[in-house]
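> Below is a structure I'd like to ask you about.
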Amino acid sequence: MGHFKQEQPIFSTRAHVFQIDPNTKKNWVPTSKHAVTVSYFYDSTRNVYRIISLDGSKAIINSTITPNMTFTKTSQKFGQWADSRANTVYGLGFSSEHHLSKVTELECVSSQANAVHTHKTELNQTIQELEETLKLKEEEIERLKQEIDNARELQEQRDSLTQKLQEVEIRNKDLEGQLSDLEQRLEKSQNEQEAFRNNLKTLLEILDGKIFELTELRDNLAKLLECS
């Protein structure tokens, strides 16, 4: 408890301290034989408010104020609050209503401050989560951009291959035309050669006939010469 002795309390008063009977949950059990000092401290290391009360060296109250904690005024000089962490209900009996009102006011302010701090912490956490989500989205966008660039590159390659294929098809058609022309010319040449061979055969037959006639004529002429 030395930590709280070194710090100056925000507010101090004197009161009789009670705790609820853990068995009956109704009766109040005094934890101090006489009025003791009850102080409000601000714990700067944890950013929380605390109610501290010492009876000599014994801490009879060490309660952290939370946003959902409520200090309830049950009479003009008595107030109470439930501490879920300590699993008890504290009661304070004051000598005047003024001291009770001051504690009630401080509890309200500290609860609001804790609520603001909690809200701020939640906002910071939400902002951090949003920043992480935004970072993931930016990474996803970059990945999608890369995929788009890759897709464009593939499309350009595809278009280039398609154009080359079309050029090859055009060259093939041109070659097919040239081949068809060569086949027609070859067929024409073969026909011309066949006609030439036929004409040559006819000429040879005519020549054979002429030679035969010439041979007969020579034989007849020789016979005439012999007779004369």
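> With every protein chain left in place, what is the accessible area per residue of the chain in square angstrom, probe 1.4 Å?
With all protein chains present, the chain gives 76 Å² per residue.
> Let me ask something else. What translational D, rounded to a whole number of µm²/s, comes out for the range 80-156 from Stokes-Einstein when the hydrodynamic radius is the Kirkwood one over Cα pairs, at 25 °C and 0.890 mPa s?
Stokes-Einstein gives a translational diffusion coefficient of 138 µm²/s.
> Something else: Just to confirm a number: summing +1 for Lys and Arg and -1 for Asp and Glu over residues other than K77 whose beta-carbon lies under 15 angstrom from that of K77, what do you get?
So the environment of K77 carries a net charge of +2.
> Still on this structure, please answer the following. Treating cross-link reach as a plain straight distance, find the lysines whose alpha-carbon is under 29 Å from the alpha-carbon of K201, omitting any fewer than eight places away in the same chain.
K188, K210
> Roughly speaking, to the nearest percent, how much of the chain's 1.4 Å accessible area is carbon and sulfur?
Here it works out to 54 percent.
> Quick one: of K25/K77; K145/K173; K33/K73; K137/K164; K26/K120, which pairs are farther than 31 Å apart, Cα to Cα?
K145/K173; K137/K164; K26/K120
> Taking θ as phi - 60°, what are the ³J(HN,Hα) couplings along the range 23-39 by the Karplus curve (6.51, -1.76, 1.60), each to the nearest whole Hz, with x for Gly and Pro?
Here the 3J(HN,Hα) series is 7, 8, 6, 10, 7, 8, 10, x, 9, 9, 6, 8, 5, 10, 7, 10, 10 Hz.
> How large is the accessible surface of F41 in square angstrom, using a 1.4 angstrom probe and rounding to the nearest 10?
F41 exposes around 20 Å² with every protein chain in place.
> For the range 131-206, place one equal point scatterer on every Cα, skip the solvent, and apply the Debye formula. What is log10 of I(q)/I(0) at q = 0.18, 0.19 Å⁻¹?
Log-scaled intensity ratios, in q order: -0.86, -0.89.
> I've got another one for you. Can you give the FRET efficiency for Q178 and L154, using 1/(1 + (r/R0)^6), R0 = 35 Å, r = Cβ-Cβ distance, to the nearest 0.05?
In this case the efficiency is close to 0.45.
> The range 121-145 to the range 181-228: how many Å between their Cα centroids?
The two parts, judged by their Cα centres, are 104 Å apart.
> Same structure again: Got a number for the accessible area of C108? Probe 1.4 Å, square angstrom, nearest 10.
Approximately 60 Å² of C108 is accessible to the 1.4 Å probe.
> log₁₀ I(q)/I(0) of the range 11-123 at q = 0.09, 0.14 Å⁻¹, via Debye over equal Cα point scatterers, no solvent, to two decimals?
Result of the Debye calculation: -0.23, -0.55.
> Roll a 1.4 Å probe over the protein heavy atoms and report the accessible area of K120 in Å², nearest 10.
Its accessible surface works out to 120 Å², give or take rounding.
> Now for a different question. Which order do W28, W81 take by accessible area at a 1.4 Å probe, largest first?
Output order, biggest surface exposure first: W28, W81.
> What are the ³J(HN,Hα) couplings of the range 85-91, residue after residue, when phi is run through the Karplus curve with 6.51, -1.76, 1.60 and θ = phi - 60°? Round to Hz, x for glycine and proline.
5, 7, 6, 8, 10, 9, x
> Also, I was wondering about something else. Given H placed on each backbone N at 1.01 Å, which residues far from Q19 in sequence or on other chains put an amide H within less than 5 Å of it?
Placed amide hydrogens put V29, T31, G91 under 5 Å from Q19.
> Also: State the label only: which of (1) 13.8; (2) 31.5; (3) 33.2 corresponds to mean projected area of the Cα convex hull in nm² computed from the shown model?
Checked against the structure: label (2).
> Given the DSSP H assignment, sum -39500 (n - 2.57) over each helix run of at least 4 residues in the chain and divide by its residue total; what's the result at 222 nm in deg cm²/dmol, nearest 500?
When only DSSP H runs of four or more count, the value is -22500 deg cm²/dmol.
The values are calculated or read from the model by the stated rules, or taken from the named source; none is laboratory data. Bear in mind the structure is a predicted one, so any value in this text is a computation, not a measurement. All Cβ positions, even for glycine, are placed from backbone atoms using ideal geometry, and neighbour counts span all protein chains on display. All accessible areas refer to the heavy atoms of the entire protein, side chains included, with ligands and DNA or RNA removed. Shrake-Rupley method; radii C 1.70, N 1.55, O 1.52, S 1.80 Å.
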